[in-house]
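Coordinate-derived values only; no laboratory data. Bear in mind that the values here come from a model prediction, so they are computed numbers and not experimental data. We place every Cβ from the backbone using ideal geometry, glycine too, and count neighbours over all the protein chains shown.
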Amino acid sequence: MKDDLSADSITNNLATVFIGRRVVCYSSVDSTNNVAKQEALGGSSEGMAVIAGRQLSGRGRLGRSWLSPEGSISLSIILYPPLYYLHTLIMLSSLALVNSIGTVTGLRAEIKWPNDIMVRGGKVSGILIESSVSAGVVDYAVIGIGVNVNLQLRNFPEIAAFATSLSDELGREIPVLFLIRSILAEMENQYLNVLGGGDIYPEWRSRLLNMGKRVSVQSGDFLIEGIAESVARDGSLLIRRNDGILERVIAGDVKLFQ
Ligand code: BT5
């Protein structure tokens, strides 16, 4: 992360009421989600954001690792939503990301179910939502967002075949501060919209790029193959198997091959 990225530079005149009003910045941390979880367990306020210049043990779902070198954004936001809204967090975060990437870069980003943000076929961003629920009440939800901003993918052969970065796509440096502030503002817009009864499902569905395509999903020990026919309002993917049966796959349990 560049030196001019400080908590002040992010919060100053930020157009939000609570998301990103309190920010902690680290140059390096194991995982911003870990820090955010500790903050949440300690009662930190809703909307608090943890940002790191790089992560040493950034992670994806199911124990996979997330490469977060300098030039990427690693951001985690603490929310305390009512349980009813928990399933909407992945939808609203995905929309916040595609919108802010569009605003800041002009690139059209799309959502690859369940949690990837893609630009021109390459994975530019991933979302990891970790939450804790006790007796029907959400203790916390941490929205972890990683974005490849100013990275040259050719320096990262382990992901270069399927990933991309905003700077690689545009051939120029992207203003990271602007992008972080835009993500925070978009997250708040989307979240308040949902809490106020707004329906983001149609827009989320329209930005999904898997629909109508052949997919293979590893769910536990089972491999489900078929056509990604639709998504349900709860966020699950509906796959029409070759034998005609419609299978519902819940985000979080799966690895999508295509
Ligand atoms: C994700 O998991 O895509 C969620 C990534 C979330 C990262 C954020 S950064 C802030 C917060 N703190 C954390 O520790 N995590 C969150 P998943 O769908 O499981 O994808 C993981 C896979 O993406 C890996 O197995 C790699 O194949 C690939 N990958 C790893 N690093 C990548 C990168 N920088 N860009 C694109 N793909 C990557």
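Residues of the stretch 74-96 being of a type in the set (A, V, I, L, M, F, W, C), within 11 Å of the ligand (Cβ to nearest atom) and either under 24 Å from R205 (Cα atoms) or touching a helix residue (DSSP H, G or I) at 6+ places or on another chain (Cβ under 6 Å) (or both), which ones?
I77, I90
If the condition is being over 18 Å from W204 (Cα atoms), assigned to a strand (DSSP E or B) and away from the ligand (no atom under 12 Å from the Cβ), then the stretch 106-153 contributes S131, S132, V133, S134, V137, V138, D139, Y140, A141. Checking each residue in the stretch 2-32 for being in a loop (DSSP other than H, G, I, E, B), within 22 Å of N150 (Cβ to Cβ), away from the ligand (no atom under 13 Å from the Cβ) and in contact (Cβ under 8 Å) with a residue 60 or more places away in the chain picks out K2, D4, L5, L14, G20. Of all residues in the stretch 155-213, exactly one satisfies the criterion of being of a type in the set (F, W, Y), within 13 Å of the ligand (Cβ to nearest atom) and surrounded by 14 or more Cβ atoms within 10 Å (Cβ to Cβ), namely F156. Determine whether the stretch 33-48 contains at least one residue that is touching a Leu at 6+ places or on another chain (Cβ under 9 Å), within 15 Å of the ligand (Cβ to nearest atom), farther than 26 Å from D199 by Cα and assigned to a strand (DSSP E or B). No. Number of residues in the stretch 138-196 that are under 24 Å from A36 (Cα atoms) and among the hydrophobic types (A, V, I, L, M, F, W, C) equals 19.
Hey, any hits in the stretch 47-55 for a residue that's farther than 16 Å from I143 by Cα and not polar (S, T, N, Q)? The answer is yes; a qualifying residue exists.
Filter the stretch 204-242 down to residues that are in a strand (DSSP E or B) and under 19 Å from the mean Cα position of the chain (by Cα) and give me whichever is nearest to I117 (Cα to Cα). It comes out as L208.
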